[in-house]
1. Report in % the part of the accessible area of the chain that belongs to carbon and sulfur, leaving out ligands and nucleic acids; probe 1.4 Å.
2. Under a point spin-label approximation (7 Å from Cα along Cα-to-Cβ), what is the Gln5-Thr253 distance to one decimal in nm?
3. Per-residue counts of other Cβ atoms within 10 Å, averaged by peptide: what ranking do you get for 75-88, 55-68, highest first?
4. Antiparallel versus total DSSP beta bridges in the chain: what percent is that, nearest 5?
5. Relative contact order for region 30-283: what percent, with Cα pairs under 8 Å and sequence separation of 6 or more?
6. Using mean Cβ contacts within 10 Å as the protection proxy, how do 213-226, 20-33 order, highest first?
7. Starting from 0.36 nm per residue, how many nanometres of slack lie between Asp79 and Ala194 once their C-alpha separation is accounted for?
8. Using only the Cα atoms of region 132-289, build the gyration tensor, take square roots of its eigenvalues as a ≥ b ≥ c, and label the shape rounded, prolate or oblate: rounded if a/c is under 1.5, else prolate if a/b is larger than b/c, else oblate.
Amino acid sequence: MAEEQCRLCPRQCGAAREKTPGYCGAGTALRIARAAPHLWEEPCISGTKGSGALFFSGCALRCRYCQNYDISFCRKGNDVTPARLFDIMTALKEQGVHNFNFVTADHYIPQLVPVLEKAKEAFDLPIVWNCSGYESPGMLAMLDGLVDVYLPDFKYADSALAEKLSCAADYPKVALDALERMLRQTGKPVKDRAGLLRRGVLVRHLVLPGYRKNSIDAVKLLAGRFAPSDFLFSLMSQYTPQGRENTPNRRLTRFEYESVKEAVLDAGFDGYFQSLSSAASVFTPPFDGTGVG
Ligand code: SF4
């Protein structure tokens, strides 16, 4: 992987990552903050034994309100070689996980492709790509044939809000295009007999306090472009105030969540609705190097 100037993601920041981390905070080495069975994804991902979650450090989107700030902004984590990552995946498989869940790994795609190729041959477990929705066509082309399940966010219909909270006015356009490419790769959702997702796309949307209109517009945008059976939908309520500048400083109200839920049901999407009690930082796992060191 030679990246004199990285232009991998839609940021196109041009960092010389061998010397200086890019906008995403990543250099060239893979950096992981936690690798462990994770029980708090949707039931079709976590099942009964957990999803084999690999939390990568850094992020190209870097939303101001990020719930995983320690790893997305502060780069907490340990550098690992691709061979070590494969060993970590082997250890997760031995713990009985249902899948391998690559959480916010976009900025490492070129380094991960050989690991994913090897994992496809070695393990009969789905590869889940858990991402922000802010992926370029080139990134998704590299993952074609290697990812079984995409778990993208669809955060914003409102470009001005995307700019305000994620410095990414192009998010709605980029994410819609990315979703189309993901669907072309995986096809419609396929579950096994235990109800676990083996292939397909599950779109997540986090309702932000004070921005109900953005959420309803996001649902409408998706409904105008895709059929309800194309993907599963997960409406999330877990926003937890972090006290950062320009971010909502309260929890979501029942009215806000229920009104967006109504829009999701009107659109005919099938999927998951999170309870308001999920809005607690206790649901963020400790990024303490578990399974990595
Ligand atoms: S992946 Fe990181 S370094 Fe590369 S263009 Fe995106 S933000 Fe910049």
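1. Numbers: 6250 of 12290 Å².
Exposed carbon and sulfur together represent 51 percent of the surface.
2. 4.9
3. On the way: 75-88: 16.1, 55-68: 23.4.
Answer by packing, highest mean first, reads 55-68, 75-88.
4. Numbers: 11 of 35 bridges.
That works out to approximately 30 percent antiparallel.
5. Value for region 30-283: 16 percent.
6. Details: 213-226: 18.4, 20-33: 20.8.
Packing order, densest peptide first, comes out as 20-33, 213-226.
7. On the way: separation 115, 0.36 × 115 = 41.40 nm, distance 3.54 nm.
Answer, rounded to one decimal: 37.9 nm.
8. On the way: a/c = 1.40, a/b = 1.34, b/c = 1.05.
Because its axes are fairly even, with a/c under 1.5, region 132-289 counts as rounded.
The values are calculated or read from the model by the stated rules, or taken from the named source; none is laboratory data. Given the structure is predicted, the values throughout are model-derived calculations rather than measurements. Quick reminder, even Gly has a Cβ in these numbers, built from the backbone with ideal geometry, and neighbours come from all protein chains shown. Surface areas here come from the heavy atoms of the whole protein model, side chains and all, with no ligands, DNA or RNA. Shrake-Rupley method; radii C 1.70, N 1.55, O 1.52, S 1.80 Å.
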